[in-house]
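S.K.: Before I ask anything, let me first share the structure, which is written out below as structure tokens.
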Amino acid sequence: MENLSDIIKDYNLVDVREAFYYLSRYLKMADNEDEYEKDFFEDDFRSIPSIEAKELTINLIKFIEKSTEKKAGEFTDTEYIKWMDEINEIESKLDPDVSIETIKSAELVIKNLDLLE
Amino acid sequence: MSLDDISHPILYSTMTTLAYNINKKYYGDRHYMWCTPYFGSDFESPHFTVPPSSSPIEIYNTLKKEVNGVDHHNTKIKLNRRGIRKGASTMLKLNKITQEQHDEIVYISKSAKDMHFRPLLCVISRLEAVPFYHKVNVKDKANPLSHEYILSDLPQSAFDIIRID
């Protein structure tokens, strides 16, 4: 049975990350779609999503709504959370491993954040 | 309606402490945020014209509940982690950060603790924000009074941050 991972497999990391971002916005805004009709692709004007990212976003929306047999605006809280968790699970594992130096530097930034708390 | 044309003197936005600190450290203390002239409380009011999901106080309270462990799903925090990664991807494309900085931000977004997503309320001077805004398009049949704006590269000097406890 097809899943979200199958749909993203032919796209590059940047497009997949963007598509998951816009998909998340679509799901988040679905409740108020009729009243506000915001364009979920509208965001930072310096970064317009690529054609591929838009296409992938639409494909992911179609897949989710087809597999649940309802529009996102009709999702229960449980369904909404389930999809958001699934998106997060896949999206957070997209990146290749980073260098030890990057990890050390990032850990230092996090440590400094702790000091600010 | 343009940000020039509204009469409200103040705009509001909610961001997380982590996003704020990443903006400070990696993006030259320039901040990207969605904002509205409505702090927000009464969704039934005809004068309150942004969706609940865009209400600064709603977003603030949701994040606060997740950080405090009242809401265990942490949907908003996870969304913010993804937003930070998407922001890093955008900044890399714009050549505003290096690949190493991008990778560092991505690592931080994944490793930061929930408490680093404590909400901050941004109180922005509308006049200071005008040069940095981008109007959010709302289709004709939607509420014509709906006001939401995207601010990009907003300097820290244009706003204050507040914690509501």
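S.K.: Assuming R0 = 30 Å, can you tell me the calculated FRET efficiency for the pair A:THR78 and B:ASP165, based on Cβ-Cβ distance, to the nearest 0.05?
M.R.: Given R0 = 30 Å and the Cβ-Cβ separation, E is 0.45.
S.K.: Something else: Taking the Cα centre of the protein assembly as shown as origin, sum charge times position over the Cβ atoms of Lys and Arg (+1) and Asp and Glu (-1), and report the length of that vector in debye to the nearest 20.
M.R.: Working: 36 positive and 49 negative charges, 125 e Å.
Rounded to the nearest 20 debye, it is 600 debye.
S.K.: First measure r as the distance between the Cβ atoms of A:LYS93 and B:SER2, then evaluate 1/(1 + (r/R0)^6) with R0 = 35 Å and state the FRET efficiency to the nearest 0.05.
M.R.: 0.25
S.K.: Under unit Cβ charges (Lys, Arg +1; Asp, Glu -1), what dipole magnitude, rounded to 20 debye, does chain A have relative to its Cα centre?
M.R.: Numbers: 15 positive and 31 negative charges, 44 e Å.
Charge dipole of chain A: 220 debye, to the nearest 20.
S.K.: How much FRET efficiency would the formula 1/(1 + (r/R0)^6) give for A:SER5 and B:ASP71, where r is the Cβ-Cβ distance and R0 is 22 Å, rounded to 0.05?
M.R.: Between A:SER5 and B:ASP71 the formula returns 0.20.
S.K.: Note down the net charge around B:LYS110, summing +1 for each Lys or Arg and -1 for each Asp or Glu among other residues with Cβ under 9 Å from its Cβ. All intermediate terms of the calculation are to be shown ahead of the outcome.
M.R.: On the way: positive: B:ARG81, B:ARG85; negative: A:ASP95.
In short, +1.
S.K.: Quantify how strongly other chains surround peptide B:73-79 by giving the mean number of their Cβ atoms within 10 Å of each of its Cβ atoms. Mind showing how you got there, number by number?
M.R.: Working: counts 7, 4, 9, 2, 1, 9, 8.
Shielding by partners across B:73-79 averages 6.
S.K.: A:ARG46 versus B:THR98, label points 7 Å from Cα toward the beta carbon: distance in nm?
M.R.: Taking the two extended label points, one gets 1.9 nm.
S.K.: Give, as a single signed number, the net charge of other residues whose beta carbon lies under 11 Å from the beta carbon of B:LEU154, with Lys and Arg counted +1 and Asp and Glu -1.
M.R.: On the way: positive: B:ARG30; negative: B:ASP29, B:GLU128, B:ASP153.
Computed value for this residue: -2.
The numbers here are math on the coordinates, done by the rules we state, and not lab data. Not measured: the values here are computed from a predicted model. As a convention, Cβ positions derive from the backbone with ideal geometry for all residues, glycine included, and neighbour counts pool all protein chains shown.
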